[in-house]
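Have a look at the structure below before the remarks.
The values are calculated or read from the model by the stated rules, or taken from the named source; none is laboratory data. What you are looking at is a predicted structure, and each value in this text was computed from that prediction instead of being measured. Neighbour counts run over all protein chains shown; Cβ positions are idealised from the backbone, glycine included. Keep in mind that these areas ignore ligands, DNA and RNA; they rest on the heavy atoms of the full protein, side chains included. Shrake-Rupley method; radii C 1.70, N 1.55, O 1.52, S 1.80 Å.
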Amino acid sequence: MALIEARGVTKVYETRGVRTDALRGVDLDVEAGEFTVLAGPSGSGKTTLLNLIGALDTPSAGTVCLDGADLSLPSAAQLADLRLHSLGFVFQAFNLIPVLSARENVEFVMDLQGVPARERRPRAISLLEEVGLGALADKRPMEMSGGQQQRVAVARAIAGKPQIVLADEPTANLDSASAAQLLDLMESLNRDRGVTFLFSTHDSRIIDRARRTVHLSDGLVVERASSRAA
Amino acid sequence: MRNGFLQRAGATLRAFVEPSTWRLAWRNVGRNGRRSAIVLCAAAVGVCGGLLTMAVSYGTALAMVETAIATELGHLQIHAQGFNDDPGLAHRLPQMSELGGDLAHDPAILAWAPRLRTEGLAYSSRASAGTRVVGVDPERESELSLLERSVIAGEYFGPKKRRAMLGADLAARLRVETGDKIVLSIQDKDGEMVSELFRVAGIFRTPLPELDQATIFVRLHELQPILGVVGEISETAIRADPKSDLPALANRVRAASGVGTEVHTWDQLRPILVFLVAFFEAQAGAMYGAVFIAMLFGIANVMLMAVVERIPEFGILGALGMPPARIGAMIVAESLMLSLLGLAVGIGLTFAVIALLGDGIDVSRFTMARAYGVGFRIVPALRFSDWTVPSIAAVATAIVASLAPVLRARRIRPAEALRHV
Ligand SMILES: Nc1ncnc2c1ncn2[C@@H]1O[C@H](COP(=O)(O)OP(=O)(O)O)[C@@H](O)[C@H]1O
Ligand SMILES: [Mg+2]
């Protein structure tokens with residue numbers, strides 16, 4: 001059984017009478033420990049699919065299972081709890097809580113999880129050091145570059161020890177050097193700590209580096225086997 | 001359904017004791033410093049205005065009561081049974097040289113004075129006027145009431161016999177000055193008209209208009225034979241220690257005075273004073289209500305703006321798995337901080353103003369004040385409840401004001417919120 005199992009997933013948006021078929025029957029498996037890139041042009045349904053896997057939205061048809069559990073069954077509060085404990089998120093922009101420092105942002109998820117302050121503080125510091133930002137622990141997001149903010153977001157995403165980290169175009173707002181640096185970071189976390197990543201991008205430079213790529217086009221997975229040796 | 005509600009309420013309460021709820025709320029209050037400062041100032045000025053209105057109202061009511069008590073009323077009066085319903089010579093008490101029973105040594109009694117009351121006509125060579133005629137013991141009366149200290153012309157009875165003290169307005173109406181003659185025409189206890197000559201020893205002005213307009217004080221022992229009631233009086237007025245328990249003292253006086261007497265406290269003797277005190281309080285209360293309603297809408301509006309501005313951020317918080325109860329608690333905490341800070345600043349401001357007005361506001365220039373019998377000075381005064389009521393109101397205001405913002409925040413769905421970044 002794969003960690004993520006999406007079966008026949010469709011998503012239809014209805015806004016003011018306009019019907020959009022964002023996903024039209026997607027099947028996807030992600031195994032624990034994998035590093036998967038969800039590739040596809042803008043509007044192909046990447047965000048929609050990540051939202052469904054991330055328990056932020058429910059499919060119009062089909063099922064999404066996380067570790068064997070159907071995500072359409074629990075209540076909103078239970079889903080919040082599931083996101084808190086099992087999922088890590090990195091978004092495209094404005095990831096960080098602006099009134100909290102880098103360290104507090106990393107601590108935030110652990111705080112919600114109920115990790116005591118004396119444990120989460122050193123853990124946040126060591127995570128920030130791991131992403132190369134130990135010196136910026138007390139800086140607010142406003143005082144950091146876009147690349148630094150995204151690395152704090154990655155540190156925060158893994159701080160809660162999730163089963164999988166979902167990253168929706170985390171490099172979209174970064175220059176190519178920062179993007180490559182972020183990708184290096186995620187790859188090393190995958191390799192050294194076994195963190196499972198599923199992240200979307202439409203940046204071909206990143207797609208070229210990926211070990212496993214799933215291509216989305218017009219709401220469908222276009223099978224194009226592209227596994228690169230590590 | 002009910003269970004779900006209880007669970008949610010429990011989760012919200014638990015969220016309130018999380019330090020991170022308050023830390024986040026505090027930072028959020030600080031992030032739009034100018035807006036927070038505006039709400040805070042508005043709340044502070046409102047609270048201060050409300051408190052000062054309360055203080056002045058209460059001070060006014062207090063001054064009114066104290067003036068009435070000090071000028072003539074006393075805290076307690078002993079009469080013959082039936083006097084209160086039919087004040088007249090028909091109801092009399094025997095005059096005593098000391099208060100009866102244990103009252104002579106009662107520490108709660110600061111002073112007492114006997115009085116004989118009737119009504120009649122006063123004639124001068126130029127005019128006449130209806131007037132109350134009160135016989136008093138000048139020494140005892142000066143310990144009890146403000147009469148001696150209210151003399152503005154002449155002297156307090158003086159050494160000579162058959163002297164009268166006139167209220168300033170009455171003296172003006174009769175067009176008499178000190179030393180002038182007046183004739184008092186009154187009925188004795190049997191209904192016979194008697195006329196007696198007095199000279200004006202002094203003229204007084206008190207804070208009570210009715211006293212100044214139509215009262216003549218003469219010596220008790222001179223009035224008694226005129227009315228045919230030697231050794232008898234209408235009332236004994238008692239001034240009590242303000243810190244003493246007045247109803248308890250009234251009961252002791254009642255017990256000592258025995259059958260055939262009635263003992264009344266100032267509020268029973270002048271129900272209008274009680275009404276006016278309540279009226280002033282209601283007025284201040286209405287002002288207060290208005291302040292808190294304005295505060296409610298102000299805070300609700302600011303918090304709603306703060307939520308709408310931060311929709312993507314609420315999306316992130318929700319996506320990360322922050323429970324809805326904690327998001328709600330954070331908003332309520334922000335609102336509480338604004339309102340409690342406003343309250344604190346408002347109370348500080350009030351203290352400052354009251355300290356500046358330490359010896360009170362001089363109202364002797366205002367005829368209104370005289371009409372109410374306020375006296376010449378209002379010292380703003382606040383009771384314990386004047387602090388607790390706004391504090392509770394501020395908390396309630398904050399919670400009610402955060403209702404709409406919390407509901408708005410609950411409608412934010414992370415997937416939607418994040419799409420709009
Ligand atoms: N909330 C929504 N309401 C209406 N249409 C939506 C909504 N979210 C996405 N879409 C539409 O669904 C399609 C897929 O969008 P999205 O998943 O955001 O693609 P991607 O992330 O690959 O750019 C697009 O046509 C988009 O306009
Ligand atoms: Mg997208």
### Hits in the stretch B:138-158 - residues which are part of a loop (DSSP other than H, G, I, E, B) and either among the small types (G, A, S) or farther than 15 Å from B:V218 by Cβ (or both)
B:S145, B:L146, B:G158
### Query
Among all residue pairs at least 6 apart or on different chains, which show Cβ distances below 9 Å where the first residue, located in the stretch A:188-202, is open to solvent by 10 Å² or more (accessible area, probe 1.4 Å) and the second is within 13 Å of ligand 1 (Cβ to nearest atom)?
A:H202/A:A39; A:H202/A:G40; A:H202/A:P41; A:H202/A:S42; A:H202/A:S44; A:H202/A:K46; A:H202/A:E169; A:H202/A:A172
#### Entry: Single match in A:A157, A:A137, A:A124 (criterion: crowded, with 24+ Cβ neighbours inside 10 Å and within 14 Å of A:L100 (Cα to Cα))
A:A124
### Query
Only one residue in A:V99, A:V131 is surrounded by 17 or more Cβ atoms within 10 Å (Cβ to Cβ), β-branched (V, I, T) and within 19 Å of the chain's Cα centre (by Cα). Which one?
A:V131
### Query
Residue check, A:G68 against (1) closer than 22 Å to A:T196 by Cα; (2) within 7 Å of chain B (Cβ to nearest Cβ); (3) not hydrophobic (A, V, I, L, M, F, W, C), all met but one. Which one?
(2)
### Summary
Of A:V18, A:V12, A:V109, the only residue that is touching a helix residue (DSSP H, G or I) at 6+ places or on another chain (Cβ under 8 Å), away from ligand 2 (no atom under 16 Å from the Cβ) and either within 14 Å of chain B (Cβ to nearest Cβ) or open to solvent by 20 Å² or more (accessible area, probe 1.4 Å) (or both) is A:V109
## Note on the structure
Within the stretch B:215-245, the count of residues that are open to solvent by 10 Å² or more (accessible area, probe 1.4 Å), under 24 Å from B:S150 (Cα atoms) and in contact with a helix residue (DSSP H, G or I) (Cβ under 6 Å, 6 or more places away or on another chain) comes to 1
### Query
Within the bounds of the stretch B:66-86, is there any residue that is touching a residue at least 24 places away in the same chain (Cβ under 8 Å), over 31 Å from the mean Cα position of the chain (by Cα) and surrounded by 19 or more Cβ atoms within 10 Å (Cβ to Cβ)?
no
#### Entry: Scope the stretch A:29-54; condition in a loop (DSSP other than H, G, I, E, B) and either on the phi < 0 side of the Ramachandran plot or more than 16 Å from ligand 1 (Cβ to nearest atom) (or both); matching residues
A:E31, A:A32, A:G33, A:E34, A:P41, A:S42, A:S44, A:G54
#### Entry: Residues located in the stretch B:193-222, provided they are within 38 Å of the chain's Cα centre (by Cα) and not in a strand (DSSP E or B)
B:R205, B:T206, B:P207, B:L208, B:P209, B:E210, B:L211, B:D212, B:Q213, B:A214, B:L220, B:H221
### Query
B:L121: of a type in the set (A, V, I, L, M), under 28 Å from B:Q213 (Cα atoms) and open to solvent by 20 Å² or more (accessible area, probe 1.4 Å), yes or no?
yes
### Task
Please indicate, with yes or no, whether at least one residue in the stretch B:368-389 is at pLDDT below 90 and more than 18 Å from the chain's Cα centre (by Cα).
no
## Note on the structure
All conditions in (1) open to solvent by less than 30 Å² (accessible area, probe 1.4 Å); (2) within 14 Å of ligand 2 (Cβ to nearest atom); (3) closer than 22 Å to A:I206 by Cβ are true of A:L28 except (2)
### Message
For the structure I just gave you, tell me whether B:N28 is open to solvent by less than 20 Å² (accessible area, probe 1.4 Å), under 17 Å from B:N301 (Cβ atoms) and within 14 Å of chain A (Cβ to nearest Cβ).
### Response
yes
#### Entry: Residue satisfying all of: in the stretch B:337-350; open to solvent by 20 Å² or more (accessible area, probe 1.4 Å) and more than 14 Å from chain A (Cβ to nearest Cβ); nearest to A:A76 (Cα to Cα) among these
B:L340
### Query
Got at least one residue in the stretch B:294-309 being within 14 Å of another protein chain (Cβ to nearest Cβ) and in a helix (DSSP H, G or I)?
yes
### Query
Looking at A:R140, A:R83, A:R123, A:R151, which one is within 11 Å of another protein chain (Cβ to nearest Cβ) and farther than 20 Å from B:R27 by Cα?
A:R83
### Message
Only one of B:R132, B:R126 is touching a residue at least 12 places away in the same chain (Cβ under 8 Å), open to solvent by 20 Å² or more (accessible area, probe 1.4 Å) and touching a strand residue (DSSP E or B) at 6+ places or on another chain (Cβ under 7 Å). Can you tell me which?
### Response
B:R132
### Query
Which one is nearest to the chain's Cα centre (by Cα) among residues in the stretch B:166-192 that are basic (K, R) and on the phi < 0 side of the Ramachandran plot?
B:R173
### Message
Restricting to the stretch B:58-95, name every residue that is β-branched (V, I, T) and in contact with a helix residue (DSSP H, G or I) (Cβ under 8 Å, 6 or more places away or on another chain).
### Response
B:T60, B:V65, B:I69, B:T71, B:I78
### Summary
Across (1) at pLDDT below 90; (2) in contact with a helix residue (DSSP H, G or I) (Cβ under 9 Å, 6 or more places away or on another chain); (3) closer than 30 Å to B:A44 by Cα, B:A286 clears everything bar (2)
